[in-house]
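Student: One structure, as structure tokens, below. Some questions next.
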Protein chains: 2
Amino acid sequence: MANSQTELAVLAVLSIRPTTGYAIRELVHERLSAFWSESFGQIYPALARLREAGLIEVTPGERTGSALHSLTDAGREHLLDMLSEPPVAARPRNGVLLRLFFGDLLGPRACAALVQAAKERSERQLADLAAARAEVEAERAADPADATRTRYWLLTIAAGEHAARAAIAWADEALAELADLEAGENR
Amino acid sequence: MANSQTELAVLAVLSIRPTTGYAIRELVHERLSAFWSESFGQIYPALARLREAGLIEVTPGERTGSALHSLTDAGREHLLDMLSEPPVAARPRNGVLLRLFFGDLLGPRACAALVQAAKERSERQLADLAAARAEVEAERAADPADATRTRYWLLTIAAGEHAARAAIAWADEALAELADLEAGENR
DNA sequence: CTCAACTGTATCTGTCAGATATATTGAGGG
DNA sequence: CCCTCAATATATCTGACAGATACAGTTGAG
């Protein structure tokens, strides 16, 4: 089936609870943004196709014109099938590392600025993840029935934390090396 | 200008030496694959546009029909402009973490298999990077004129190594947690 | 009451990877 | 000398995707 990545994510979100297209995008943005992204331009066509295929049902929502989407039994089954398929590898595209690879075109000074900015992004990421961790742990304390689910969520947060800390450690190394390169250039 | 990411990468590769579209894709695949990817479907249209804009020149290559592309002065200038622009953030799409976030749908066993596979990919990545590091260091020893360039290359290799080691450390943590979850389930 | 912010649906454009088609060349085997 | 296979090389098509944009109903603060 076409568009499988977005459809997988949409079905997975709907497995938590029936909701609107807008709220699906909100949840992805709020809670999965460290490792996933979705846009309205993909979500609405995906919902239409899933409905067409009988994998979701639509009931009118609270607001005029809003539509609550919920999984059908076939949808739940299809979701499990899709989750069992091997993950699709994301194409790598890191603009900072591309610029660094061709670093002698920009020079050590400009490269250091890029690395510094990347380091600050990782630090912000780390702070965001700490906040998310606190939120999830509070949620777990408030509703022990969700305990299993929150343990999985914490695994994904830990992945982000490891990656962010590694990026910061690399940035420090790289900044030292770039300072050395600049000193050598001005010798 | 349209297609700016691919055009940036193509111009940057051509700053090393004039070459064919095929070889551009080869170089990206061989040396930048840890943090960049390009496809023929993007490279050939990009080359046509860059030629149209007067940023590259085309001369016939050794083989019949092959075309050697080289930077013009305008192209070199445009490349520096593009490198100076802030990097475009890549959309995150990590299928493993998506499956883990919804981990109670798959269960701890299947999740552990996914994490184990991810760990093995990172280990292979680490080995590939070690090989690349050795290759670059040999190249540096052979041609000291390239010493500065190779130092930038080693920075990008170090970034990959940090990321891969972090992924492995996370995977070990996650596998322990998933084993615990499974034990709790079967209690 | 009004306006700004939020909720909500929907489409369009440009970017992109991967698959595919096609042709040439060089090396090795028969 | 010919055949085949792999590597080199150009080119296009399709479907996936993000981000921008348009539009409209709703709510709450001032």
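The values are calculated or read from the model by the stated rules, or taken from the named source; none is laboratory data. Worth saying up front: this structure is predicted, and the values here are computed from it rather than measured. Here the Cβ is made from the backbone with ideal geometry for all residues, glycine too, and neighbour counts use every protein chain on show. Calculation scope for accessible area: heavy atoms of the full protein, side chains included, ligands and nucleic acids excluded. Shrake-Rupley method; radii C 1.70, N 1.55, O 1.52, S 1.80 Å.
Student: Calculate, for region A:61-187, the solvent-accessible area per residue in square angstrom, rolling a 1.4 angstrom probe over the heavy atoms of the protein chains. Present the calculation step by step, with values, prior to reporting the outcome.
Tutor: On the way: 6670 Å² over 127 residues.
Per-residue value: 53 Å².
Student: How would you classify region A:1-121 from its alpha-carbon gyration tensor, with a ≥ b ≥ c the square roots of the eigenvalues: rounded for a/c under 1.5, else prolate if a/b is greater than b/c, otherwise oblate?
Tutor: Prolate shape, in that a/c is at least 1.5 and a/b is the bigger ratio.
Student: Additional query: For the protein assembly as shown, what is the calculated [θ] at 222 nm in deg cm²/dmol (nearest 500), taking -39500 (n - 2.57) for each run of four or more DSSP H residues and dividing by its residue count?
Tutor: On the way: 16 runs with 264 residues, N = 374.
Result for the protein assembly as shown: -23500 deg cm²/dmol, rounded to the nearest 500.
Student: Treating the Cα atoms of the protein assembly as shown as identical point scatterers in vacuum, please give the log10 of the normalised Debye intensity I(q)/I(0) at q = 0.08, 0.10, 0.14 Å⁻¹, two decimals.
Tutor: Rounded to two decimals, the profile gives -0.51, -0.76, -1.24.
Student: Which residues belonging to region B:79-99 lose at least 50 Å² of 1.4 Å-probe accessible area when the assembly is complete, relative to their chain isolated?
Tutor: B:Leu83, B:Pro87, B:Arg91, B:Pro92, B:Arg93, B:Leu97, B:Leu98, B:Arg99
Student: Through the Karplus equation 6.51 cos²θ - 1.76 cosθ + 1.60, θ set to phi - 60°, convert the phi angles of region B:160-171 into ³J(HN,Hα) values in whole Hz; use x for Gly and Pro.
Tutor: x, 5, 4, 4, 5, 5, 5, 5, 5, 4, 4, 4
Student: Among A:Leu129, A:Ile168, A:Leu100, which residue has its Cα furthest toward the positive end of the charge dipole of region A:95-185, with +1 on Lys/Arg Cβ and -1 on Asp/Glu Cβ?
Tutor: Checking the options against the dipole of region A:95-185, the answer is A:Leu129.
Student: Would you jot down the residues in region B:129-162 that end up with at least 10 Å² less accessible area in the complete protein assembly than in the chain alone, with a 1.4 Å probe?
Tutor: Output list: B:Thr148, B:Arg149, B:Arg151, B:Tyr152, B:Trp153, B:Leu155, B:Thr156, B:Ala158, B:Ala159, B:His162.
Student: Scan chain B for the residue whose Cβ is closest to the axis carrying it onto chain A, then write down that distance in whole angstrom.
Tutor: Nearest residue, distance rounded to whole Å: B:Ala166, 2.
Student: Which value, in square angstrom to the nearest 100, describes the accessible area buried between chains B and A on both sides, using a 1.4 angstrom probe?
Tutor: By this definition, chains B and A bury close to 6100 Å².
Student: Work out Dmax and Rg for region B:95-185 from the C-alpha atoms and quote the Rg first, both in angstrom.
Tutor: 18.3, 61
Student: Can you list the copy-to-copy distances for A:Glu185, using a point 7 angstrom from Cα toward Cβ, in nanometres, shortest first?
Tutor: Result for A:Glu185, in nm, nearest copy first: 5.4.
Student: What residues does region B:9-45 have that are buried by at least 30 Å² of accessible area in the full protein assembly compared to the chain on its own, 1.4 angstrom probe?
Tutor: With the partner chains in place, region B:9-45 has these residues losing at least 30 Å²: B:Ala12, B:Leu32, B:Phe35, B:Trp36, B:Ser37.
Student: Right, something else. What ³J(HN,Hα) values, in whole Hz, does the Karplus curve 6.51 cos²θ - 1.76 cosθ + 1.60 give for region B:96-104 when θ = phi - 60°, with x put for Gly and Pro?
Tutor: Coupling constants for region B:96-104: 5, 5, 4, 5, 6, 4, 9, x, 6 Hz.
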